[in-house]
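None of the figures in this text is laboratory data; all of them are computed from the coordinates on show. The structure presented is a predicted model; accordingly, all values stated were derived computationally and were not measured. Cβ placement follows ideal geometry from the backbone for every residue including glycine, while neighbour counts extend to all protein chains displayed.
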Amino acid sequence: MRKRFTSLLLALTVGTSVGGPAWAQDLTFSATADKTTLNVGDPLVLTITLGGDISGIEIPVFEFPEGFTVASRSQSSNFSIRLGTVERSLTLAYVLIPQQGGTFQLGPFQITQKDQAFSTEPLAVTVEKPAVPPRLGPEGGRFTL
């Protein structure tokens with residue numbers, strides 16, 4: 001029994017390593033926003049995700065419309081091999097704070113992989129001015145009506 005198990009394990013190992021690991025999929029590239037309508041000063045989380053074969057990708061510094069401030073930026077990555085198939089993903093998250101009202105377009109965002117360009121769909125975002133501006137209370141602190 002032990003000999004049969006070892007032979008099976010060896011066959012599986014050799015079978016999955018011949019020719020190296022296979023990629024789970026071609027490159028996927030997308031951008032999403034957690035909301036499309038918000039008020040001036042409210043945070044917007046923009047998430048840019050790359051998946052599949054992300055080797056050789058050139059990620060530029062992404063530009064945002066005038067009137068948006070980047071409050072924070074984070075990056076996370078995931079790498080796994082399952083039965084000889086490589087799965088990788090990279091997620092870039094930006095917290096953007098709009099400073100003025102209007103309708104804005106985020107993107108399209110572009111990357112390059114092995115001299116091939118990829119781009120996301122643009123995202124339309126509407127920033128509204130609050131109906132009532134925040135007022136100062138008697139102690140100088142802000143309070144909401």
Q. Which of the residues spanning the range 37-80 are within 23 Å of A117 (Cα to Cα), of a type in the set (G, A, S) and assigned to a strand (DSSP E or B)?
A. G51, S76, S77
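Consider D26 carefully, then state whether it is touching a Gly at 6+ places or on another chain (Cβ under 7 Å), of a type outside the set (G, A, S), farther than 30 Å from A131 by Cα and assigned to a loop (DSSP other than H, G, I, E, B). It would help to see each step written out before you state the result.
Numbers: touching a Gly at 6+ places or on another chain (Cβ under 7 Å): yes; of a type outside the set (G, A, S): yes; farther than 30 Å from A131 by Cα: yes; assigned to a loop (DSSP other than H, G, I, E, B): yes.
Yes: the conditions hold for D26.
Every residue in the range 59-105 that is among the hydrophobic types (A, V, I, L, M, F, W, C) and either under 15 Å from T28 (Cβ atoms) or under 13 Å from the mean Cα position of the chain (by Cα) (or both), please. It would help to see each step written out before you state the result.
From the range 59-105, those among the hydrophobic types (A, V, I, L, M, F, W, C) are 59, 61-62, 64, 68, 70-71, 79, 81, 83, 86, 90, 92-93, 95-97, 104; that's our starting set.
Selection gives I59, F62, V86, L90, L92, A93, V95.
Within the group I54, I81, I97, which residue is in contact with a Phe, Trp or Tyr (Cβ under 8 Å, 6 or more places away or on another chain) and surrounded by 12 or more Cβ atoms within 10 Å (Cβ to Cβ)? Steps first, answer last, please.
Details: I54 fails: in contact with a Phe, Trp or Tyr (Cβ under 8 Å, 6 or more places away or on another chain); I81 fails: in contact with a Phe, Trp or Tyr (Cβ under 8 Å, 6 or more places away or on another chain).
Sole residue among the options that is in contact with a Phe, Trp or Tyr (Cβ under 8 Å, 6 or more places away or on another chain) and surrounded by 12 or more Cβ atoms within 10 Å (Cβ to Cβ): I97.
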Q: Take the residues in the range 100-123 that are surrounded by 13 or more Cβ atoms within 10 Å (Cβ to Cβ) and among the β-branched types (V, I, T), then tell me which one is nearest to I48 (Cα to Cα).
A: T120
